[in-house]
Amino acid sequence: MKRIGILTSGGDCAGLNPAIYAVAKAIYRKIDDVEIIGILDGYTGLIDLNTKVLKPKDFEGLLTKGGTFLRSIRQSFKTIDVKDENGISKADKIVKNYNKLDLDALVVLGGNGTHKIANLLSERGLNIVGLPKTIDNDIFGTEETFGYDTAVQVGADYIDRIQTTAASHSRVFVVEIMGNKVGWLALSVGVSAGADAIILPEIPYSAEKLNDALKKTLKEKNYAIVVVSEGAFAKEERKMKNKERLSERKLAGFNSIADKVGDDIAKGLGIEIRTAIPGHVLRGGEPSARDRNYTMQLGAVAAGLIADEVYGVTVAKVNGRISFNQLSEIAGKAKPVPEDDSLLLAARSIGISFAD
């Protein structure tokens, strides 16, 4: 009998349950004698040996459910291999318990941090197959991550509602969208919601350029929407490390980048600003039809890799087709929005400002 472990790690998002469903359904069809072991709370479940044997009935109904029924806890890559007072690291415990559970393979669903740990474990001899999950769409080597499409739709719906109150009260709204290191989500949400300006981590903004753009916008209509990515920063903050930026902003009384951008606009234009932060709402709820279909494809390929005993890889969309990458080639690498991205160029063409 083959024993396959499966876990979800990092931040939750819509699409995790459907991905688990797809992997399990395909594994049961591709491998005659198999047992699937659910590992609860991500890598923590392997560290603490918190697992349960799953039956086919456990996967029914997951296709339409948000979140992850296996639950998830973040594990820091920086501390995963740090030895404790007994000379044992969390990674050591994971390897030990993987073998104790007599696992033939481990399916890992997660984002960048999850994949870095997965690569480390692969190097330690574990048979790993990854799936690319994150609303940030920032995993290197894949054109799209699951959870991203749903988050874009939720963000667009959120701003659609902001638009009506902004127009009714002649307001300028600054809406902060998740995305600590890259701006894919803010870009897609902003364009789809008709934002007037979008501020991304890849394009440090000028308060002067932003205000110039908003002056033109407010001559044409009575309100404006500015979408700002969580990890964005001003040109004068470019040389600062992230901790330094956050410290400087806190001293200035800003709890978020939305507060800072709002203050820049208020001072520059002499008007009242409103900020809005959907936050974890972007991670929640039912997965979109596109994410459901996408996870079906990813899960089917993941199961095929396990059946063929192809390990040390993560499933990916490459050149429009579902394929896979070596973990060693993608782990720890970023996927920022490039200057020539087609959506970014289209946004510039229709007059959306990036304040650069």
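Each helix, a run of at least 4 DSSP H residues, gives -39500 (n - 2.57); summed and divided by the residues of the chain, these come to -12500 deg cm²/dmol at 222 nm.
Take every DSSP beta bridge whose two residues both sit in the chain, then give the antiparallel share in percent to the nearest 5. Antiparallel: roughly 25 percent of the beta bridges in the chain.
The protection proxy used here, the mean number of other Cβ atoms lying within 10 Å of each residue, ranks peptides 87-98, 290-301, 108-119 as follows, highest first: 108-119, 290-301, 87-98.
Shown in residue order for region 334-347 are the 3J(HN,Hα) couplings computed by the Karplus curve 6.51 cos²θ - 1.76 cosθ + 1.60 at θ = phi - 60°: 8, 10, x, 6, x, 4, 9, 4, 5, 6, 4, 5, 5, 4 Hz (x for Gly and Pro). Efficiency by 1/(1 + (r/R0)^6): what FRET value for ASP84 and ASN255, r their Cβ-Cβ distance, R0 = 30 Å, to the nearest 0.05? So the FRET efficiency works out to roughly 0.30. Selection among GLN163, VAL191, PRO204 by position relative to the dipole of region 148-208 gives GLN163 as farthest towards the positive end (Cβ unit charges, Cα centre).
Evaluating 6.51 cos²θ - 1.76 cosθ + 1.60 at θ = phi - 60° for every residue in region 183-197, the Karplus couplings come out as x, 4, 5, 4, 4, 5, 5, x, 5, 5, 9, x, 5, 8, 8 Hz, glycine and proline recorded as x. A run of the chain free of exposed loop cleavage sites, with GluC sites (Glu not before Pro) counted only in DSSP states other than H, G, I, E and B and at most 15 other beta carbons within 10 Å, reaches its longest extent at 144-271. Longer than 22 Å from Cα to Cα, which of LYS133/LYS317; LYS90/LYS317; LYS78/LYS260 are they? Say none if no pair is. Violating the 22 Å Cα-Cα cut-off are LYS90/LYS317; LYS78/LYS260. Here the chain has 48 percent of its accessible surface on carbon and sulfur atoms, given a 1.4 Å probe and all protein chains in place. Which of the three applies to region 1-114, rounded, prolate or oblate, going by the alpha-carbon gyration tensor with a ≥ b ≥ c and a/c under 1.5 meaning rounded? Taking the square roots of the gyration eigenvalues as a ≥ b ≥ c, region 1-114 is oblate. With N the number of residues in the chain, Rg(Cα) / (2.2 N^0.38 Å) evaluates to 1.07. Rounded to the nearest 20, the Cβ-based charge dipole of the chain about its Cα centre (Lys and Arg +1, Asp and Glu -1) stands at 320 debye.
Once the Cα-Cα distance is subtracted from the 0.36 nm per residue extended length, the ASP102 to ASP160 segment shows a gain of 15.8 nm. When +1 charges are put on Lys and Arg Cβ atoms and -1 charges on Asp and Glu Cβ atoms, the dipole computed for region 164-260 relative to its Cα centre reaches about 160 debye. Within the assembled protein chains, the solvent-accessible surface assigned to SER247 is about 60 Å², based on a 1.4 Å probe. Annotation: average projected area of region 250-325 is 9.5 square nanometres, based on the convex hull of Cα atoms across all directions.
For ASP48, ASP12, ASP196, the ranking by accessible surface with the largest value first comes to ASP48, ASP12, ASP196, using a 1.4 Å probe.
The values are calculated or read from the model by the stated rules, or taken from the named source; none is laboratory data. Here the structure is a predicted model, which means the values were calculated and not measured. Cβ: placed from backbone, ideal geometry, glycine included. Neighbour counts: every protein chain shown. Side chains are part of the model used for accessible areas, which takes the heavy atoms of the whole protein and leaves out ligands, DNA and RNA. Shrake-Rupley method; radii C 1.70, N 1.55, O 1.52, S 1.80 Å.
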